[in-house]
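> Input: one structure, supplied below.
Each value in this text was obtained by applying a stated rule to the coordinates, not by laboratory testing. If you're wondering where the values come from, they're calculated on a predicted model, not measured in any experiment.
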Amino acid sequence: MTRNNLLKVLLSIVFLLCLLRMPYWYYQLIRIFGMVGFIYFAYADNKDKIKITPQLFVIAAIIINPIIKIPFRRNTWQIIDIILAVVLLFSIIWINKFKRHFTT
């Protein structure tokens, strides 16, 4: 497992932990780490010439950014957390298939 894939798995676990009742500082920390993580993943995938995931990761970074907060209700955030976790895990599978298909 590559470092990027490990980071994606860890970040998706952190997003799924947001479904539990956590202190407010946890959600703020997730916004910071999530935004930085998604920007990094967008950069890394763009560098690898992958087309769709960088755009998804930039959109995710905009949604969870801690600077200009987009206010959602708790149940909406829970849905967003699930979607972000699924996108991260799906990107691991999709990118591995993409790399195998175009590098062999």
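> Excluding same-chain pairs closer than 8 in sequence, count the lysine pairs in the chain whose Cα atoms lie under 25 Å apart.
Close lysine pairs under the 25 Å cut-off: 12.
> Another question about this same structure. Run the helix sum for the chain: -39,500 (n - 2.57) per DSSP H stretch of 4+ residues, divided by residue count, reported at 222 nm to the nearest 500 deg cm²/dmol. Numbers along the way, then the final one.
On the way: 4 runs with 82 residues, N = 104.
My calculation for the chain gives -27000 deg cm²/dmol from helical runs alone.
> For the stretch 16-104, what mean projected area does the convex hull of the alpha carbons give, in nm²? Can you show the working numbers first?
Numbers: hull surface 23.2 nm².
Its average projected convex-hull area is 5.8 nm².
> For the chain, list the DSSP H helices whose alpha carbon atoms reach 27 Å or more along the long axis and whose average Kyte-Doolittle value is -1.0 or above?
Details: long enough: 24-47 (35 Å, 0.35); 74-103 (43 Å, 0.78).
Flagged H segments are 24-47, 74-103.
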